[in-house]
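Visitor: Starting off with a structure, shown below.
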Amino acid sequence: MKVKLGKVIQLNPREQISKGKVAKKIAMDNLEPYTREVSGYDLDIYKGGTKFRNKDTLLARITPCLENGKTAYVNILDDNEVAFGSTEYFVLRAKKELIDPLYLYYLSISRKFRTVAIKSMTGTSGRQRVQKDSILNYEFDLPQMEEQKRIAKMIGCLDDKKVLNDKINDNLTNQLHTISDNYFSYFNFNDGSIPQNWTYKNLTDIAEITSGYSYKGKELVDSDLGMATIKNFARTGGFQINGYKSIIPSKNVKQSQYASLFDMLIAHTDLTQNADIIGNAEPVLTTSRFKKIIYSMDIVKVIPKQNKISKWLLDLILMSTRVKAHCLGYVNGTTVLHLSKKALKEFEIPLPNDPEELSGITRIARNYLLMMSENMQENEKLIELKDQLLNKYF
């Protein structure tokens, strides 16, 4: 049955939150690219914004958020709770007797719908917005409710497995940080005390530190090269692979500006003025989505020098909170915060003269990182299958 979307949904439904009341706020930053789940929320005083409930779909209507895939299904609220967020959302609420809410979400991320929405955008460069009428007048084939639920459940199972993998990886990441911190706390760093058969070494003694590629906006087009930027570092921790942009191959890119599996990337710049990302260190866990990954000038890459230290141990060391604390002492800048080039060069690491002393903890780091990478590779297969089903049914 052919219908217009406006017949089966409420667009920006009316809800009530009293001015000055503290409520959950889901900001645009809480929407991850091409991800169903909302990554989190803040408690804030309501002064204005769009309002929504569980089972509503949040659709970013402004460039570049829509093009980047910021569309989410709200499922983190309590029963009958109303939250608020950006005025740059369209809130899509299903008329539940006509369209299943989860089916509506998958419709809103389908290629056909997104193409129509993006083409409708008007306004000045950098501030273009989707037109309301293009949403309401979007025409599509709507199956019977039983078929809607079947399709939504089928695709939803793929997202559910991805959510589980992400939670497992978050847990493994937290464990790795704890293992790293416990390793460092074994020593009394206040007086420099370490075992006699150990030696302090500068990071540059055992690792290469290289800066990323300064790209231009026109280079970001669909290709088999991934472009990792500072925005890939999530404030909740971790390195968001799904958010990679694509970039055209360029002869200006140096070989050192490509990142490979298990290379460690460190955030060198922070745009938030509160240093919550700068100094964060995360390993590249999968490159299967793209043949290669290029990292931007806002990031530095740290890889082990041959025969000096294993990549597994280097990754574990750089994930410690001690590295982050060290980096914060080298932050400068006014409009944008930057990490001084001296920061990593002056970071000292205690290491045994006999590398075999750390073989046990090295194996632990290796096993954790391999598990995390396998989960992310499975996620990419889930995303690929999800795209196939979206193209088939929508």
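Visitor: Name the residue that is most open to solvent (accessible area, probe 1.4 Å), counting only residues in segment 1-17 that are in a loop (DSSP other than H, G, I, E, B) and charged (D, E, K, R).
Guide: Here the answer is ARG14.
Visitor: Could you list, in sequence order, all residues of segment 69-97 that are under 23 Å from LYS167 (Cα atoms), assigned to a loop (DSSP other than H, G, I, E, B) and out of contact with any Asp or Glu (no Cβ under 7 Å at 6 or more places or on another chain)?
Guide: From segment 69-97, those under 23 Å from LYS167 (Cα atoms) are 69-78; that's our starting set.
Okay, now just the ones that are also assigned to a loop (DSSP other than H, G, I, E, B), so 69-70, 74-78.
Across segment 69-97, the qualifying residues are GLY69, LYS70, ASN75, ILE76, LEU77, ASP78.
Visitor: Shifting gears a bit: I'd like to know if segment 139-159 contains one or more residues that are within 14 Å of LEU66 (Cβ to Cβ) and open to solvent by 10 Å² or more (accessible area, probe 1.4 Å).
Guide: No, that holds for no residue.
Visitor: Now a separate question. Do we find a residue being buried (at least 20 other Cβ atoms within 10 Å of the Cβ), touching a residue at least 60 places away in the same chain (Cβ under 8 Å) and over 20 Å from the mean Cα position of the chain (by Cα) anywhere in segment 66-76?
Guide: no
The rows are residues; the columns are (1) acidic (Asp, Glu); (2) buried (at least 18 other Cβ atoms within 10 Å of the Cβ); (3) at pLDDT 90 or above.
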{"site": "GLN257", "(1), (2), (3)": "no, yes, yes"}
{"site": "ALA267", "(1), (2), (3)": "no, yes, no"}
{"site": "ILE278", "(1), (2), (3)": "no, yes, no"}
{"site": "THR286", "(1), (2), (3)": "no, yes, no"}
{"site": "PHE290", "(1), (2), (3)": "no, yes, no"}
{"site": "LYS308", "(1), (2), (3)": "no, no, no"}
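Visitor: Here's another thing I want to ask about it. Report, by residue number, each residue of segment 42-64 that is open to solvent by less than 30 Å² (accessible area, probe 1.4 Å), touching a helix residue (DSSP H, G or I) at 6+ places or on another chain (Cβ under 9 Å) and not in a strand (DSSP E or B).
Guide: The answer is ASP56, THR63.
Visitor: So which residues in segment 154-180 are basic (Lys, Arg) and under 15 Å from the mean Cα position of the chain (by Cα), if there are any at all?
Guide: LYS162, LYS167 - these are the residues of segment 154-180 that are basic (Lys, Arg) and under 15 Å from the mean Cα position of the chain (by Cα).
Visitor: Every residue in segment 310-329 that is out of contact with any Phe, Trp or Tyr (no Cβ under 6 Å at 6 or more places or on another chain) and open to solvent by 50 Å² or more (accessible area, probe 1.4 Å), please.
Guide: Of everything in segment 310-329, those that are out of contact with any Phe, Trp or Tyr (no Cβ under 6 Å at 6 or more places or on another chain) and open to solvent by 50 Å² or more (accessible area, probe 1.4 Å) turn out to be THR321, ALA325, LEU328, GLY329.
Visitor: Sticking with this one: Of a type in the set (Val, Ile, Thr) and modelled with pLDDT under 85: does that describe THR334?
Guide: yes
Visitor: Could you pull out the residue among MET372, MET376, MET319 that is under 19 Å from THR286 (Cα atoms) and touching an Asp or Glu at 6+ places or on another chain (Cβ under 8 Å)?
Guide: Being under 19 Å from THR286 (Cα atoms) and touching an Asp or Glu at 6+ places or on another chain (Cβ under 8 Å) holds for just one of MET372, MET376, MET319, which is MET319.
Visitor: Out of all the residues in segment 18-27, is one or more open to solvent by 80 Å² or more (accessible area, probe 1.4 Å), within 13 Å of ALA83 (Cβ to Cβ) and either basic (Lys, Arg) or in contact with a Pro (Cβ under 8 Å, 6 or more places away or on another chain) (or both)?
Guide: yes
Visitor: Considering only segment 206-220, how many residues are over 13 Å from ILE266 (Cα atoms), surrounded by 18 or more Cβ atoms within 10 Å (Cβ to Cβ) and of a type outside the set (Phe, Trp, Tyr)?
Guide: Result for segment 206-220: 3.
The values are calculated or read from the model by the stated rules, or taken from the named source; none is laboratory data. Computed from a prediction, not measured in an experiment: that's the story for all the values here. Neighbour counts are summed over all protein chains in view; Cβ atoms, including those assigned to glycine, are modelled from backbone coordinates with ideal geometry. Ligands, DNA and RNA are stripped out before the accessible areas are found, and what is left, the full protein with its side chains, is counted by its heavy atoms. Shrake-Rupley method; radii C 1.70, N 1.55, O 1.52, S 1.80 Å.
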